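Read through the structure below, which is laid out as structure tokens, and then see the notes.
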Amino acid sequence: MNGVWNRILKIDLTEKKTGIQAVPDPVYEYFLGGEGLAAWVLWKECPRGVTAFDPANRLTLAAGPMQGIRQSGASKWAVGGISPSIQMNAGSAITHAFGIEMKQAGIDAVVIHGRAEKPVYLVIDDDRVRVKDASRLWGLDAYEAQDAIQEKEGEAFEVITTGQAGERLVRYANLQTAKKSFAGRCGFGAVMGSKLLKGVAVRGTQKCAIHDPAGNDALNKAINRRLAEVDASKPEEFRISWLGTAMATALFAPQGNLPIKNYSRGTFPEGVAKLGGRPYVETLNAKPWPCKYCVIKCHNKCEVKSGPYAYRGKGPEYESFAMMGFNLMIDDQAAVAYAGELANRYSLDTISLGGVLAWAFECYEKGILTREDTYGLELTWGNAPALVEMTRRIGERAPGLGYLLGEGCKIASERIGQGSEDWAVQMKGQEIAAHNWRAQYISALNYCTGVASGPNHERGNSQHIWVGHRYLPEWGIDHVENEERWSWDKAAERNAKFHDYCNVINSAVHCKFQEFAGYTLTDLLQTINTCTGLGWTQDDLQRCGDRITNLQKLLNLRYGWKREDDFRYPKRFLEPVSDGVAAGRIPVGLEQAIVDYYRYRGWDDEGRPTPQKLRELGLETIPG
Amino acid sequence: MKITINGRPEEVAPGTRLRNLVDRLEERVRRDPMIIALIAKTGKSQMLYILNGTVVPAAEIDRIELQEGDDVRYVHPFFGG
Ligand code: SF4
């Protein structure tokens, strides 16, 4: 198969050994690359009983067939392993140029296991691999560590690092690259920390052959031109290249999709007026900061020039300012952006951070936490300085509440008790991202049944059918009526197709945000075919997604998933809100919808793939 | 004659104009509250129509007669699906 090297780099930090492993074509034909390849690595190498911080856990950094082509969105790559938050297999997507550089180093993936004796970082310079002392980098934040590595190795290296939260095993610590992109969810920064791995630098000069270079080049040019044209033709308030994901406030507020006051309210007009949209651009002096080859340009570089929240760097994404702003009732855009910058430097996932803080704020409101617990801070709704200070305390894992909140709100609420589990808006140990389940019931189904990264908004983003008017017409999901957002009719099918779609995107690997400008499944299929020569149809593509979903489910089962886990969803979503368009709506019927989903997938009522389903997908034995 | 609409083959009568297709699609999307709000604000649905990979300016829609093999896409002004 073209578009891949059939080689992965294996690194054992315990034994200080490195080596190349050949990977046969059928593995790619089954799972493509990226997250599919990372899942395959776990299947082959991580037996039942291996946990996230176990040296035997495999941290996989994986490219796919699309890395190396000049298409908008083809800078994405994937991280996979066993997650410390959900305690199962997980994947996370990240972008900019590290994945491209890794591919140019002549490998499809780096698989890291073991635990170093002392802090280290890795340098991969084409075929030459070195494990280097990182003792002096330990304790630096993620951006400082990147600067230090590039100063030593050279600016030409693309680098990933984790900050203090990763070192200190905050369960939702992330890893970053280029000070702008993050493998945010599921705690892979903490997996790096558990291995005493501070960073990885990669540089490559090799070109991976693709099947049809001329066809691919023409396709890339046509797609890039069309995506830019679509974005430029949109009304200003929905234009990604101007606002990035800060456009989502204008889109989600009228649909009742925002997370407000720990998901207990339906509206927050002061916040809607100040967070996102034009105020975002003006307050933060936001300018587009695209990843390599991207014409959509969702990332922003920001500068707040004065005041207590002055900073220069990445602007918060929608999920960040929604979870730390709307969810805490903080309407100060600069404060939220500044807290986001701190979180990024410590390597705290901003979705989980907003979720755990909302839980703590509610504990404070109810008198379960007091100033004695909170370092004297008033954890009151809307208190921006408290957000900033608590971000520091969690990043540093300060003794007491800061440490506890680093465990996530599931563990924190179990320790604190007093009924606080009821407002811990999490599932399977991971905080829920910034989409209100009451606004479209399919969100609930998506989170409950996710297998790729537990409950995750981007591993089966079926909520986009309504909140973004995103369809998959080539797979039979086209126009829907607005009222269907509160119906379970066809929810199983739609949810399954979106899970499979996310899996092929994250395995190809491509940036899902290209869909904001109308990237299509036809674009994806043609690109995969010109890269690989597989000659697939849309049915083949869908089957590939289905296969990856089933492999992930088998891994869930291996690492201890039980049926009841899918039914233990946050109680908060069963309490109706009294304001906004979703007032009075709660996802009644979710239990049956979950079972219907299992059946649609060809799983038994326990949520396990049947032998017949595995046979259909050729998964009785896993290749390689 | 055969054309493709959002990636799926459809049969339309020879001589069909892009306007006919647009009217059909607009009728459906105009029930959507987000589109209704956009029309109230800007006077139009802001739906984008793409013919053979190029966005068709609103003023051009009336002039175009569809041809065998044409590829038509329509994109909502939000995320773009
Ligand atoms: S849309 Fe955003 S995340 Fe995706 S490649 Fe472009 S700038 Fe990067």
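Taken together, the values in this text are just the output of simple stated rules run on the coordinates, not laboratory data. Note that the structure is predicted; figures quoted are calculated from it, not measured. Virtual Cβ from ideal backbone geometry, glycine too; neighbours counted across all protein chains shown.
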Distances longer than 15 Å among the Cα atoms of segment B:2-75: what percent of all pairs is that? 54 percent
Amide H contacts under 5 Å for residue A:285, placed H, 5+ residues apart: A:303
Taking R0 as 41 Å and r as the Cβ-Cβ distance between residue A:155 and residue A:489, the FRET efficiency 1/(1 + (r/R0)^6), rounded to the nearest 0.05, comes to 0.15
Angle between chain B longest axis and helix B:33-42 axis [Cα atoms, degrees, rounded to 10]: 80 degrees
When all C-alpha to C-alpha distances in chain A are sorted into bins of 20 Å, what percent of pairs does each bin hold, rounded to whole numbers? 21, 60, 19, 0
Over chain A, relative contact order from alpha-carbon pairs under 8 Å, at least 6 apart, %: 17 percent
Report, in whole Å, the centroid distance computed from the Cα atoms of segment A:124-167 and segment A:46-95. 19 Å
Report Rg(Cα)/(2.2 N^0.38 Å) for segment A:239-431, keeping two decimals. 1.00
Would you mind checking the tilt of helix B:18-29 against the longest principal axis of the Cα atoms of chain B, expressed as 0 to 90 degrees and rounded to 10? 40 degrees
Sorted by Cβ neighbour density within 10 Å, fewest at the top, the residues A:604, A:349: A:604, A:349
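Using Cβ contacts closer than 10 Å as the measure, can you line up A:115, A:136 from fewest to most? Please list the in-between numbers first.
Working: A:115 16, A:136 12.
Placing the least packed residue first, the sequence is A:136, A:115.
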Between residue A:479 and residue A:225, what is the FRET efficiency for a Förster distance of 30 Å, r being their Cβ-Cβ separation, to the nearest 0.05? 0.70
Given Cβ charges of +1 for Lys and Arg and -1 for Asp and Glu, the option among A:313, A:554, A:38 whose Cα lies farthest towards the positive end of the dipole of the protein assembly as shown is A:313
Arrange B:29, A:588 by Cβ neighbour counts within 10 Å, fewest through most, would you? A:588, B:29
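At 222 nm, what value in deg cm²/dmol follows for chain A if DSSP H runs of at least 4 each add -39500 (n - 2.57) and the sum is divided by all its residues, to the nearest 500? Could you put the intermediate results ahead of the total?
Values: 25 runs with 241 residues, N = 624.
After summing the helix terms and dividing by residue count, I get -11000 deg cm²/dmol.
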